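Just so you know, all these numbers are worked out from the coordinates, no wet-lab data involved. Just so it is clear, the model here is predicted, and its values are computed rather than measured. Note that each Cβ is placed from the backbone with ideal geometry, even for glycine, and that neighbours are counted across all protein chains shown.
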Amino acid sequence: MATLEIHQFPCLSDNYGVLIRDAGAGLTASIDAPDAATVAAALKDKGWTLTHILTTHHHGDHTGGNAALKAQTGCTIIGPRNEAAKIPGIDTKVGEGDTFMFGAHEVRVLDTPGHTAGHITYVIPSAKVAFAGDTLFAIGCGRVIEGNAQMMWQSLKKLMALPKDTTVYCGHEYTQSNARFALTIEPENAQLQTRAEAVDQLRAAGQPTLPTTIGIELETNPFLRPHVAAIQKRLGMEGKPEWQIFGEIRERKNRA
């Protein structure tokens, strides 16, 4: 099977754009389209021709480039069925359990609502990769805007169940501030301490902290760790349902 080529690049103030390419099939997709000019520049830099946009959710910093890129390239825009009316230029609507082929690679769709009501995640098992938009971040998760804590927790559990060696591309470079917050929730986590230092070094050098992996997040991301006794004790929530503990962590991050 042809290797899936992946190119990540900064976009807007703190977004990331991602291009994926199956060279054998002559296909290139942009994961979301934060800004048309930046995506177009990345395509030109790689010498790739855009054929698809895979939209994770409707927010403007993920769909702002849809219309212009579609006008320039005639690309096919795939996006979440449950918020299709809000996705500029959408051609194909997908949701939980749907699959489609991107060249030689099967793409699986997960409904991961919470940040928005219809947010989806794209998983490509053959490449061991997931494109999580604003559901999961490195050492963090998206703000719960259109859903509730229980909904968001169920979405995160779907991602937590992916193989640990799954590489995860996220929508934003928030890792440094996420790490500082995480250390207030689980300061005794040695892996988190080490990771926070590495993140500081990467950002000081102007380097991205993404992508991440499911395995790394399970060990260091407090939003995925409401089962941990030390976290439950620190929050005064011993024995409470995991989604409620998650919700408390999310509320604390909102106020941080």
Helix-only CD estimate at 222 nm, as mean residue ellipticity for the chain, using -39500 (n - 2.57) per DSSP H run (n ≥ 4) = -10000 deg cm²/dmol
ask   = To the nearest 10 degrees, how steeply does helix 242-255 sit against the main Cα axis of the chain, on a 0 to 90 scale?
value = 80
remark   = Between THR167 and residues 5 or more places away or on another chain, the pairs with built amide H atoms under 5 Å apart involve VAL129, ALA130
ask   = Whole-Hz Karplus ³J(HN,Hα) for region 229-234, in order, using 6.51 cos²θ - 1.76 cosθ + 1.60 and θ = phi - 60°, x for Gly and Pro?
value = 4, 5, 5, 4, 5, 4
query = Which one of ALA190, ALA130, ALA204 has the biggest mean-square fluctuation once the chain is modelled by GNM with Cα springs under 10 Å?
reply = ALA204
note = The exposure ranking of ILE120, ILE31, ILE231, ILE78, fewest beta-carbon neighbours within 10 Å first, is ILE231, ILE78, ILE31, ILE120
query = What ranking do MET151, MET101, MET160 get, fewest neighbouring Cβ atoms within 10 angstrom at the top?
reply = MET101, MET160, MET151
ask   = Which of the pairs LYS70/LYS253; LYS46/LYS157; LYS164/LYS233; LYS44/LYS86; LYS46/LYS93 have their Cα atoms more than 30 Å apart in this structure?
value = LYS70/LYS253; LYS46/LYS157
request  = Can you give me the three principal axis dimensions of region 39-109 from its C-alpha atoms, in Å, biggest first?
outcome  = 34, 30, 18
key: Percentage relative contact order, region 5-255, counting C-alpha pairs under 8 Å, at least six apart   = 13
query = Taking the Cα atoms only, what angle lies between the long axis of helix 190-204 and the longest principal axis of the chain, rounded to 10 degrees?
reply = 50
note = Exposure-ranked with fewest Cβ neighbours within 10 Å first, HIS59, HIS115 stand as HIS59, HIS115
query = Taking H as built 1.01 Å from N, whose amide H comes closer than 5 Å to the amide H of ILE53, not counting residues under 5 places away?
reply = SER30, THR76, ILE77, ILE78
query = Just how large is the dipole of region 146-196 about the Cα centre, in debye to the nearest 20, putting +1 at every Lys and Arg Cβ and -1 at every Asp and Glu Cβ?
reply = 100
